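The values are calculated or read from the model by the stated rules, or taken from the named source; none is laboratory data. Small disclaimer: the values here were computed from a predicted structure and weren't measured. All Cβ positions, even for glycine, are placed from backbone atoms using ideal geometry, and neighbour counts span all protein chains on display. Heads up: the accessible areas ignore ligands, DNA and RNA and are worked out on the full protein's heavy atoms, side chains in. Shrake-Rupley method; radii C 1.70, N 1.55, O 1.52, S 1.80 Å.
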Amino acid sequence: MQDNHLLDPFGRRISYLRLSVTDRCDFRCTYCMSEDMVFAPRAQILSLEELYAVADAFIGLGVKRIRITGGEPLVRKGLNSLLTRLGARQELEDLAITSNGSQLGHMAADLRKAGVTRLNISLDSLQRERFAAFTRRDRLDQVLTGIDAARAAGFRRIKLNTVVQKGRNDDEVQDLVAFAVDRGLDISFIEEMPLGSVSSHERKVTLCTSEEVRERVEQRFQLLPSSYRTGGPSRYYQVVGSETQVGFISPHSRNFCGDCNRVRVTAEGKLVLCLGHEGALDLKALIRRHPGDGERLRAALIDALRLKPERHHFQADSQVQVVRFMSMTGG
């Protein structure tokens, strides 16, 4: 701890919180959760007041960026009240949301009004049947409508997130970049992370590295290395002749742990210090045992950061290293 900032044992300053507000989702993406997902009982989920208390503690310790995640965060009832409170915090440089886009058609304008500055929207295919196969829901048109609504709402930046899988959607990366360029959006291509056990595909077969994706994109677009940063792990390239940034998130092929500046809090109040490790601190128990005690909560966060590991060790061809699904952790 130094000058009211969170530091881990390796000198990395934690300035970025990914805060999950629900483990529930209206999609069932094959790399994120099972079809018959069992969600946590509502009593185990942090209330909106408790979520704000967590965010407030992190802000008090120097966190400047908060990303609201899920599950699908926009299915959480009353979310806008939390966003409005966070949006009013002058200490925050960035308040963002990761969404599947399904609810944006009727919510985008209100999110922007509440103070959300940036959106990440998951989009793994522009082809209806493939989209339905990825999400187990036939709602591509609904998501595209949501993207249009988000564009109209005037967010600072909107970014698409695409998990690329060989033989499933890797042939669409050029079309997805073209879609982003035509609409003034950014896009990040993500190597699938080995979280939770999946049955729809074999990860070591479908892994498509960022280098392979970039080579395919460059067959159609000229990319130049970019200094653009969002606080996350993406390495960005500018599409020449456009405002679009193309990012690559490479947990397998290019470990980015040396620059890690983030932690996650799950909807159940578990502080996850590293996406690639099972260990977590139960903040919910502390908050409910000592409601309103922000000083105690901040002290617990400082102590917990001493246990943050140096790096993850994701391997696509090994057994599942982390049992929890991404939807349980928060995106």
Does the stretch 242-254 contain at least one residue that is at pLDDT below 95 and assigned to a helix (DSSP H, G or I)?
no
Candidates LEU307, LEU281, LEU286, LEU297, filtered to the one that is modelled with pLDDT under 95 and in contact with a helix residue (DSSP H, G or I) (Cβ under 6 Å, 6 or more places away or on another chain)
LEU281
Selected residue (criterion: most open to solvent (accessible area, probe 1.4 Å)) from residues of the stretch 223-241 that are under 17 Å from the mean Cα position of the chain (by Cα) and at pLDDT 90 or above:
ARG235
Can you go through VAL54, VAL63, VAL75 and tell me which one is of a type in the set (Val, Ile, Thr), in contact (Cβ under 8 Å) with a residue 24 or more places away in the chain and open to solvent by 30 Å² or more (accessible area, probe 1.4 Å)?
VAL75
Say whether the condition of being farther than 27 Å from LEU123 by Cα and not charged (D, E, K, R) is met by at least one residue in the stretch 64-78.
no
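Could you tell me which residue of the stretch 8-41 is least open to solvent (accessible area, probe 1.4 Å), considering only residues that are under 20 Å from GLY269 (Cβ atoms) and of a type in the set (Phe, Trp, Tyr)?
First pass over the stretch 8-41, keeping only residues under 20 Å from GLY269 (Cβ atoms): 14, 16-25, 33, 37-41.
Remaining after also requiring of a type in the set (Phe, Trp, Tyr): 16, 39.
Working: TYR16: 7, PHE39: 41 Å².
It comes out as TYR16.
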So for the stretch 43-56 (the condition being closer than 16 Å to LEU297 by Cβ and touching a Phe, Trp or Tyr at 6+ places or on another chain (Cβ under 8 Å)), does at least one residue qualify?
no
Show the residue pairs that are 6+ apart or on different chains and have beta-carbon atoms under 6 Å apart, the first residue being within the stretch 289-311 and touching a residue at least 60 places away in the same chain (Cβ under 8 Å), the second being hydrophobic (A, V, I, L, M, F, W, C) and open to solvent by 90 Å² or more (accessible area, probe 1.4 Å).
ILE302/MET1; GLU310/PHE10
